Amino acid sequence: MADDLSQRPIVIKRIKKVAGGHHGGAWKIAYADFVTAMMAFFLLMWLLGSSTQSQLEGISEYFKTPLKIALTGGSTIGDSNSVIKGGGTDLTRQHGQVKKGEIIIDDPANQKAQKIIKERAELIKLEGLKKKIEEAIEANPSLKKFANQLLLDITSDGLRIQIVDEQNRPMFALGKAELQPYTKTILREIAKMLNEVENKISLSGHTDGKPFPSGDKGYSNWELSADRANASRRELIVGGMDTNKVLQVIGLSSAVLFDKNSPLNPINRRISIVVMNERAEKSITMDKHTLDIDMQDEPNKELLQNPENRAYK
């Protein structure tokens with residue numbers, strides 16, 4: 001058995017390692033890494049060139065305080081509305097496109113959205129004033145006993161504060177524009193709170209349906225209601241209200257009754273103070289003679305272009 005083993009040829013397998021040299025593949029891996037790095041570099045330069053200044057500042061701020069950005073619910077990159085833009089031309093943007101975060105002032109949809117937001121904020125402000133006046137009435141003993149004569153509500157024109165007569169507690173002397181002492185107290189307390197908002201106010205005087213003894217040809221309910229509104233304006237100013245806040249003082253006689261079913265009801269005799277919203281202010285201050293017509297409407301366009309069809313000049 002041993003002899004058989006000794007007679008077997010011994011085979012030695014030698015593996016010769018030869019470098020690939022010019023025909024190897026190692027250099028290809030290095031070249032691929034180099035090309036990838038160059039592509040990433042040029043992509044970075046392109047992104048920087050097409051980004052706005054606000055986006056660049058947002059990126060910078062993100063890396064300065066990443067924890068703060070994470071805690072506040074994400075990045076605010078590109079949300080700045082600065083009119084100074086940086087960077088080059090955005091190659092990804094086609095004609096008519098805008099970047100996220102940019103605001104187009106002339107966009108009708110954007111203008112409508114801004115108007116809605118503004119009106120909502122104004123409404124919240126007036127509701128806050130209403131609540132504050134109600135709390136002041138409740139907390140002030142001199143006003144609380146007149147709570148039934150103070151009516152507050154929000155209308156399409158703004159916050160309306162109405163001071164109404166009661167059967168045995170009129171605001172003015174009978175048939176005169178002379179304020180009762182407690183009416184002065186009410187107006188002076190209200191005056192202090194009207195200065196807390198920049199809105200203008202409108203004052204209107206109202207009477208009941210009982211005709212004035214002298215008739216409409218002499219001193220009538222029209223003059224009386226206007227005089228009472230002016231007397232209320234003067235008392236508000238005495239109470240500290242800014243004189244520039246008054247935009248309108250009118251007398252409406254019994255034309256706008258509070259209780260339409262009972263013209264002689266004392267509640268119809270009242271002073272109405274309206275803290276006007278912007279729309280109501282514009283309806284008073286704008287030129288009433290301007291006519292806003294859509295010129296793209298063909299019938300209207302023809303009406304204006306043909307002098308024979310015009311009913312005005």
Pop a pseudo-label 7 angstrom from the Cα along the beta-carbon direction at both Glu223 and Gln248 and give the gap in nm to one decimal.
-> 2.4 nm
Cβ-Cβ FRET estimate between Gln180 and Ser262, R0 fixed at 25 Å, reported to 0.05 | 0.65
By how many nm would the segment from Leu48 to Ser60 grow when fully extended, if each residue of separation counts as 0.36 nm and the alpha-carbon distance is taken off?
-> 3.1 nm
So which of Lys125/Lys282; Lys192/Lys282; Lys115/Lys245; Lys115/Lys282; Lys112/Lys132; Lys132/Lys260 end up more than 20 Å apart by C-alpha?
-> Lys192/Lys282; Lys115/Lys245; Lys112/Lys132; Lys132/Lys260
If Lys and Arg each add +1 and Asp and Glu each add -1, what is the summed charge of the other residues whose beta carbon sits under 13 Å from the beta carbon of Ile237?
-> +4
Counting Lys and Arg as +1 and Asp and Glu as -1 over every other residue whose Cβ sits under 14 Å from the Cβ of Phe146, the net charge comes to +1
Region 175-296: C-alpha gyration tensor shape, a/c 1.5 cut-off, then a/b vs b/c | oblate
Place the peptides 110-123, 178-191 in order of packing, highest mean first, counting for every residue the other Cβ atoms within 10 Å and averaging per peptide.
-> 178-191, 110-123
What order do you get for Trp46, Trp222, Trp27 when you list them from fewest to most C-beta neighbours inside 10 Å?
-> Trp27, Trp46, Trp222
Under a point spin-label approximation (7 Å from Cα along Cα-to-Cβ), what is the Lys13-Lys131 distance to one decimal in nm?
-> 8.9 nm
Between Asn195 and Gln114, the FRET efficiency computed from the C-beta separation at R0 = 25 Å comes out, to the nearest 0.05, as 0.35
Stretch Glu138-Ala121 to full length: gain in nm at 0.36 nm per residue minus the Cα-Cα span?
-> 3.5 nm
Reduced to Cα centres, the span from region 118-190 to region 200-239 in Å works out to 17 Å
Could you order peptides 147-158, 31-42, 228-239, 192-203 by the average number of other Cβ atoms within 10 Å of their residues, highest first?
-> 228-239, 192-203, 147-158, 31-42
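No lab work stands behind these numbers, since they all come straight from the coordinates. As the structure is a prediction and not an experimental result, all values here were calculated from the model. Please note: Cβ atoms are built from the backbone with ideal geometry, for glycine as well, and neighbour counts cover all protein chains shown.
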